[in-house]
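Any read-out appearing in this document is the output of simple, stated calculations on the displayed coordinates, not a laboratory observation. All figures in this text were calculated on a predicted structure; none of them were measured in a lab. Cβ coordinates were reconstructed from backbone atoms using ideal geometry, including for glycine residues, and neighbour counts include every protein chain displayed.
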């Protein structure tokens with residue numbers, strides 16, 4: 001049985017390029033979070049689980065989840081659009097169509113991500 005790791009936070013799955021364009025539009029009004037995840041990477045799974053556990057009832061919204069194995073094309077578009085080299089796992093905070101914060105691997109810490117979203121308000 002496959003367990004859905006996206007159980008705590010209210011993720012919107014990035015499934016096509018139109019979602020990426022909508023995310024950019026939304027970022028003009030408020031900061032947006034992107035979590036890039038590889039289902040084959042234990043570090044990615046651990047970073048996602050830590051982020052989910054630390055979030056508890058607190059939601060970081062809007063939050064977008066990208067499955068890198070299914071949609072590497074979107075990851076490539078993110079790298080080109082925001083000028084941030086691909087990593088997995090990776091968190092990006094987008095505001096006004098620009099990446100204002102990014103980190104990867106074990107640098108993904110809930111409190112740091114929440115502060116980055118707050119600073120981008």
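Listed values, structure above:
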item: The chain - percent relative contact order, Cα under 8 Å, separation 6 or more; result: 34 percent
item: Label point distance in nm, residue 13-residue 69, each placed 7 Å from Cα along Cα→Cβ; result: 1.4 nm
item: Packing-based exposure ordering (other Cβ within 10 Å, fewest first) of 102, 13; result: 13, 102
item: Cα→Cβ-extended label distance, 7 Å offset, between residue 109 and residue 79, nm; result: 2.7 nm
item: Rounded to 5, percent antiparallel among DSSP beta bridges of the stretch 11-119; result: 60 percent
item: Three-way shape call for the stretch 24-121 based on the alpha-carbon gyration tensor, with the a/c threshold at 1.5; result: oblate
item: The chain, helix-only ellipticity at 222 nm - DSSP H runs n ≥ 4, -39,500 (n - 2.57), divided by all residues, nearest 500; result: -11500 deg cm²/dmol
